[in-house]
Amino acid sequence: MMNWIRDMIYTLFHAIIYPLLFIYEFIQWNRMTKKRKSLQETTDANSHNDSNNSRFEGDDELQRIRELNRSLTPSILQSIKMKNVAKKKILVLDLDETLIHSTPVEPFPQFKRFYQYRIDVYLDQDECSFYVSERPHLKHFMRKVCEWYEVVIFTASVQSYADPVIDRLECSDKISRRYFRESCANNQGVFIKDLAVLGCDLSRCIIVDNSHISYMWHPENAIPCTSWVADDDNDDELLRLLLLLDALRYMNDVRSVLTLRLKG
Ligand SMILES: [Mg+2]
């Protein structure tokens with residue numbers, strides 16, 4: 001009799017306790033699921049606005065500083081960049097043996113592949129022909145520098161010869177000014193290019209020339225260039241120059257970099 005009563009109580013106890021435990025576990029699981037879902041939605045929303053937001057959530061001071069930086073930094077960087085490139089710097093380019101090579105003598109057949117065109121000009125009322133060869137990568141070079149700089153051609157050649165050659169350059173319509181032999185200083189038969197004729201701030205002026213005599217009055221503005229006489233179609237000097245010119249356009253004073261080679 002006692003055993004029967006004990007078994008009955010034991011059975012009733014389990015019949016009540018287990019369902020209660022099951023209901024309690026279900027309520028806890030349901031609550032945790034809702035909480036996890038809520039946190040996930042909050043994280044997703046923060047990630048959408050800024051992936052770093054959740055890191056500083058609840059920290060008002062850090063949040064304020066971060067938002068201040070985020071609002072100011074791009075505008076400061078942009079203003080510095082715009083200040084230096086808003087007004088294009090001046091790039092003075094030599095013509096012969098820097099950008100092109102020409103010869104009044106008809107090239108031998110084996111060298112004709114180097115020459116793209118011929119111009120017929122009058123020099124001292126005599127008609128002359130020049131066979132002109134463009135330095136490798138010239139078209140690409142001119143497109144880039146005309147985009148980055150105000151490009152000026154300064155040549156020691158006479159205008160009657162140089163003008164038609166400049167007209168054939170890529171982006172010739174974007175070349176702002178042309179200076180010829182008469183603009184050079186004649187120092188005992190040596191032609192020197194005086195950048196003062198440009199009337200510009202020399203901190204924003206660069207000259208590229210194959211002749212160091214040409215820029216001897218302005219070595220701190222010069223980028224030396226190898227001479228090219230249509231003898232090497234693997235020449236990559238213009239590509240090499242582009243790397244430096246790309247960087248110099250952001251400088252306040254180009255001489256701060258270009259004078260480094262003089263100190264070496
Ligand atoms: Mg030259």
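Coordinate-derived values only; no laboratory data. Note that this is a predicted model, so its numbers are computed, not measured. Please note: Cβ atoms are built from the backbone with ideal geometry, for glycine as well, and neighbour counts cover all protein chains shown.
Counting neighbouring beta carbons within 10 Å and listing from fewest to most, the residues 133, 211 come out as 211, 133.
Put a dot 7 Å past the Cα of residue 171, heading toward its Cβ, do the same for residue 191, and the two dots end up 2.4 nm apart.
The mean sequence separation of alpha-carbon pairs under 8 Å and at least six residues apart, normalised by the residue count of the stretch 156-264, gives a relative contact order of 20 percent. Going 7 Å from the Cα of residue 127 toward and past its Cβ, which residues in the stretch 164-179 have a backbone nitrogen under 14 Å from where you end up? Answer for the stretch 164-179: none. All other residues whose Cβ lies under 12 angstrom from that of residue 162 are scored, Lys and Arg at +1 and Asp and Glu at -1, for a net of -2.
Taking a ≥ b ≥ c as the square roots of the eigenvalues of the Cα gyration tensor, the stretch 107-192 is oblate, since a/c reaches 1.5 or more and a/b is not larger than b/c. Placing +1 on the Cβ of every Lys and Arg and -1 on the Cβ of every Asp and Glu, with no other charges, gives the stretch 134-242 a dipole of roughly 280 debye about its Cα centre.
Around residue 199, with a cut-off of 13 angstrom between Cβ atoms, what is the net charge of the other residues, counting Lys and Arg +1 and Asp and Glu -1? Net charge around residue 199: -1. Please go through the residue pairs 174/263; 112/263; 88/193; 89/112 and name each one whose alpha carbons sit more than 31 Å apart in this structure. Going by Cα-Cα distance, 174/263; 112/263; 89/112 fall outside the 31 Å limit. Spin-label model, residue 160/residue 251: points 7 Å from Cα along the beta carbon direction are separated by 4.0 nm. Taking other residues whose beta carbon is less than 15 angstrom from the beta carbon of residue 120, and scoring Lys, Arg as +1 and Asp, Glu as -1, yields -4.
Taking the charge dipole of the stretch 223-262 about its Cα centre, with +1 at Lys and Arg Cβ atoms and -1 at Asp and Glu Cβ atoms, the residue from 227, 258, 238 reaching farthest to the positive side is 258. Note on residue 34 and residue 235: their simple-model spin labels are 8.0 nm apart, each label 7 Å out from Cα toward Cβ. In terms of other Cβ atoms within 10 Å, 198, 238 run from fewest to most in the order 198, 238.
With contacts taken as Cα pairs under 8 Å at a separation of at least 6 residues, the stretch 115-199 carries a relative contact order of 24 percent.
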